[in-house]
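Engineer: Pasting a structure here, questions to come.
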Amino acid sequence: MINTFGFAVYSAANSGADPASGPTLVGSGGQASYGSVWSAQVDGTGSALINFSGPPGNYENGQYVSLIDVLNGAVAPDRIKGSIVLVGAYNLSGVHDEQLVTTSAGSNGTLSMAGVELHANVVQMFGVSVAQTLLSREPPVVTFLSILVVALLLAVLVARLSVMRGLIVTILALVVFTFAMAFLAGNNRFVPDIFHPLLALALTYTGVTAYRVLYEDRERRKVTSIFGQYLKPEIVRQLASTRRGVADIMLGGERRDITLLFVDIRGFTSMSESMSAHDVTAVIQMYLDHLSGIIFTWDGTIDKYVGDEIVAFWNAPRTQENHALLAVRCAYDLINRAPELQEKLLAAGLPPVRWGIGVNTGPAVVGNLGSRSRIQYTALGDTVNTAARFCANAPAFHLLIGQPTYDMCKDYIAVDLVPGVQLKGKSAETFRIYQVVAIRETPTSPWVQFPTDLAAQAHQSFSQQYTQKSILAAANAESKDILVGAEAEAALAGQAAGQAPPTQAG
């Protein structure tokens, strides 16, 4: 092993100017020891890290004197006495004594330092009149633990933040970690591994963000497939934006207070027996489209369609504090906008329909229920059954509600007690049924009559027009049969075109 000039100078100074009488430098197992004075970490070639006291030219600030000044007597003897003095070319051009070095003042291999200054740094690092400042590399186990800790902490933070906020946190983490390691390294004389922890931070953010994008996209598709048929698109998008998707919306069945609304057509079964299959389907489709759109307007969740019956509820899957009032206002709209559907039916040559509504509030089990082959988001319980019974007993364009619904909406609705209606399994003394007769916007607003009578009058008017239209079609067809629906439309169209009318009776 050939020792460097800087170490030879240090050894001579440490042993009283006689290097042979001082300790011997011994290298073994990645360590170089100088007797009991110090032990330094070395690499496979026996080289140790130099702890530079500063960038090139650092010794000009008080530790450098010009040789010509010494020769001219311009430097006081006390300035040199008792010090280790290295004589060499310093900042002279053309000497080619400089070496590209790596210091904390610049990037790797870009700073040119004079050879004499290199050895001066070595001597100062070993320490004679000052404390030793030997450097060591950061132990691999410390590097591994640093990567593990910072990656886990960042992963937890980024997973809980938006993508942009996660990026900002990651940048801050990179800066904070760099300065923290620089502070620790400067005070504990070790060379930290900055690159791999910073790379781990960057890869952690990238990986977590990529996973979240893929996971949240999958969850959005799952939410859309489950709730797309029950809720209006705006609510589906809102549910899909929750962090854990379906898992945040429902964890199996849960018991919660909800408000249910049942609505179905009055007398449709007997009406459909005299209609063609095409007309029955057309009436049901227009009816379901019209009423479902109104339910979605009031942020209701459509549970199911059972023939001409629609089942909807509020306060699931998302929380709605005023769920009972929302359902009652929706029922008002279902009755108030009945003439719109009647007009569409008449224009299509179809008979007008009328419906009754039942609303009930109370606890129910809500969740994904069903068999392995078919799962449906629905509600179960006595509250559901009671709402269905209200609907079954509600006259056309009437809304029947129970006591819990009335208690939640009593500042906004006026009701009449419905006498003579006894539901199976319910006590007449403790279980009351109300018909909603008026409603208002706020507790101090004027009352608005429930549109029951207006809807009934409109239905009667459209029914008369439909009957007249059907009789006219039959008369033009010169048949004793009364044609309805598509047959009546075909008869009128054929008569206008001079074609023979159909003879199929409806």
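The values are calculated or read from the model by the stated rules, or taken from the named source; none is laboratory data. Please read all numbers here as calculations on a predicted model, not as lab measurements. Note that we place each Cβ from the backbone using ideal geometry, even for glycine, and neighbour counts take in every protein chain shown.
Engineer: Looking at Val415, is it without any contact (Cβ under 8 Å) to a residue 40 or more places away in the chain and either of a type in the set (A, V, I, L, M, F, W, C) or under 15 Å from Val263 (Cα atoms) (or both)? Outline the logic, then answer.
Structural biologist: On the way: without any contact (Cβ under 8 Å) to a residue 40 or more places away in the chain: yes; either of a type in the set (A, V, I, L, M, F, W, C) or under 15 Å from Val263 (Cα atoms) (or both): yes.
Answer is yes for this residue.
Here's the yes/no breakdown for (1) surrounded by 12 or more Cβ atoms within 10 Å (Cβ to Cβ); (2) under 25 Å from Phe52 (Cβ atoms); (3) in contact (Cβ under 8 Å) with a residue 60 or more places away in the chain:
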site: Thr143; (1), (2), (3): yes, yes, no
site: Val150; (1), (2), (3): yes, no, no
site: Val163; (1), (2), (3): yes, no, no
site: Val169; (1), (2), (3): yes, no, no
site: Val175; (1), (2), (3): no, yes, no
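Engineer: Do we find a residue being more than 28 Å from the chain's Cα centre (by Cα) and either basic (Lys, Arg) or over 30 Å from Thr442 (Cβ atoms) (or both) anywhere in region 311-328?
Structural biologist: no
Engineer: For the subset of region 177-211 comprising residues that are surrounded by fewer than 16 Cβ atoms within 10 Å (Cβ to Cβ) and among the hydroxyl-bearing types (Ser, Thr, Tyr), which member is farthest from Leu49 (Cα to Cα)?
Structural biologist: Among those that are surrounded by fewer than 16 Cβ atoms within 10 Å (Cβ to Cβ) and among the hydroxyl-bearing types (Ser, Thr, Tyr), it is Tyr211.
Engineer: Looking only at region 121-141, decide whether some residue is surrounded by fewer than 15 Cβ atoms within 10 Å (Cβ to Cβ), part of a helix (DSSP H, G or I) and more than 33 Å from the chain's Cα centre (by Cα).
Structural biologist: So far as region 121-141 goes, yes, one or more of its residues are surrounded by fewer than 15 Cβ atoms within 10 Å (Cβ to Cβ), part of a helix (DSSP H, G or I) and more than 33 Å from the chain's Cα centre (by Cα).
Engineer: Among the residues of region 265-283, what is the count of those that are in a helix (DSSP H, G or I) and not β-branched (Val, Ile, Thr)?
Structural biologist: Count: 8.
This table checks each residue for (1) of a type in the set (Val, Ile, Thr); (2) under 42 Å from the mean Cα position of the chain (by Cα); (3) modelled with pLDDT of 95 or more.
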{"residue": "Phe397", "(1), (2), (3)": "no, no, yes"}
{"residue": "Leu400", "(1), (2), (3)": "no, yes, yes"}
{"residue": "Tyr406", "(1), (2), (3)": "no, yes, yes"}
{"residue": "Tyr412", "(1), (2), (3)": "no, yes, yes"}
{"residue": "Gly420", "(1), (2), (3)": "no, no, no"}
{"residue": "Arg432", "(1), (2), (3)": "no, no, no"}
{"residue": "Val437", "(1), (2), (3)": "yes, no, yes"}
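Engineer: Could you tell me whether any residue of region 180-189 is modelled with pLDDT under 85, of a type in the set (Phe, Trp, Tyr), over 30 Å from Gln460 (Cβ atoms) and over 17 Å from the mean Cα position of the chain (by Cα)?
Structural biologist: Looking for residues that are modelled with pLDDT under 85, of a type in the set (Phe, Trp, Tyr), over 30 Å from Gln460 (Cβ atoms) and over 17 Å from the mean Cα position of the chain (by Cα), one finds none in region 180-189, hence no.
Engineer: Looking at (1) in contact with a Gly (Cβ under 6 Å, 6 or more places away or on another chain); (2) in the same structural domain as Tyr59 (by TED's automatic domain parsing), which is the one condition that is false for Val158?
Structural biologist: All conditions are met except number (2).
Engineer: Restricting the search to region 162-206, which residues are part of a helix (DSSP H, G or I), out of contact with any helix residue (DSSP H, G or I) (no Cβ under 8 Å at 6 or more places or on another chain) and farther than 23 Å from Pro140 by Cα?
Structural biologist: Correct list: Met164, Arg165, Ile168, Ile171, Leu172, Thr206.
Engineer: Restricting to region 333-361, count the residues that are surrounded by fewer than 22 Cβ atoms within 10 Å (Cβ to Cβ), among the small types (Gly, Ala, Ser) and touching a residue at least 12 places away in the same chain (Cβ under 8 Å).
Structural biologist: Residues in region 333-361 being surrounded by fewer than 22 Cβ atoms within 10 Å (Cβ to Cβ), among the small types (Gly, Ala, Ser) and touching a residue at least 12 places away in the same chain (Cβ under 8 Å): 2 in total.
Engineer: Hey, among Asp303, Asp333, Asp299, which residue is out of contact with any Gly (no Cβ under 9 Å at 6 or more places or on another chain) and assigned to a helix (DSSP H, G or I)?
Structural biologist: It is Asp333.
Engineer: Among (1) crowded, with 17+ Cβ neighbours inside 10 Å; (2) touching a Pro at 6+ places or on another chain (Cβ under 8 Å); (3) not in a helix (DSSP H, G or I), where does Ser112 come up short?
Structural biologist: Unmet for Ser112, out of (1) crowded, with 17+ Cβ neighbours inside 10 Å; (2) touching a Pro at 6+ places or on another chain (Cβ under 8 Å); (3) not in a helix (DSSP H, G or I): (1).
Engineer: Just checking, how many residues over region 448-473 are charged (D, E, K, R) and modelled with pLDDT under 90?
Structural biologist: Step one: filter region 448-473 for residues charged (D, E, K, R), giving 453, 469.
Then drop every residue that is not modelled with pLDDT under 90, which leaves 469.
Total meeting the criteria: 1.
Engineer: Any residue at all in region 64-81 that's without any contact (Cβ under 8 Å) to a residue 40 or more places away in the chain, closer than 28 Å to Ile2 by Cβ and in a loop (DSSP other than H, G, I, E, B)?
Structural biologist: Yes, some residue in region 64-81 is without any contact (Cβ under 8 Å) to a residue 40 or more places away in the chain, closer than 28 Å to Ile2 by Cβ and in a loop (DSSP other than H, G, I, E, B).
Engineer: Go through the residues of region 364-379 one by one and say whether even a single one is free of Cβ contacts under 8 Å to residues at least 40 places away in the same chain, surrounded by fewer than 16 Cβ atoms within 10 Å (Cβ to Cβ) and assigned to a strand (DSSP E or B). Steps first, answer last, please.
Structural biologist: Start the filter on region 364-379 by keeping residues that are free of Cβ contacts under 8 Å to residues at least 40 places away in the same chain, which leaves 370-375.
Checking which are surrounded by fewer than 16 Cβ atoms within 10 Å (Cβ to Cβ) leaves us with 370-375.
After this cut, where a residue has to be assigned to a strand (DSSP E or B) as well, the list is 370, 375.
Scanning region 364-379 turns up at least one residue that is free of Cβ contacts under 8 Å to residues at least 40 places away in the same chain, surrounded by fewer than 16 Cβ atoms within 10 Å (Cβ to Cβ) and assigned to a strand (DSSP E or B).
Engineer: Also: Can you tell me which residue among Asp303, Asp308 is modelled with pLDDT under 95, of a type in the set (D, E, K, R) and within 19 Å of Ala396 (Cβ to Cβ)? Full working, then the answer.
Structural biologist: Values: Asp303 fails: within 19 Å of Ala396 (Cβ to Cβ).
Just a single option satisfies the conditions, and that option is Asp308.
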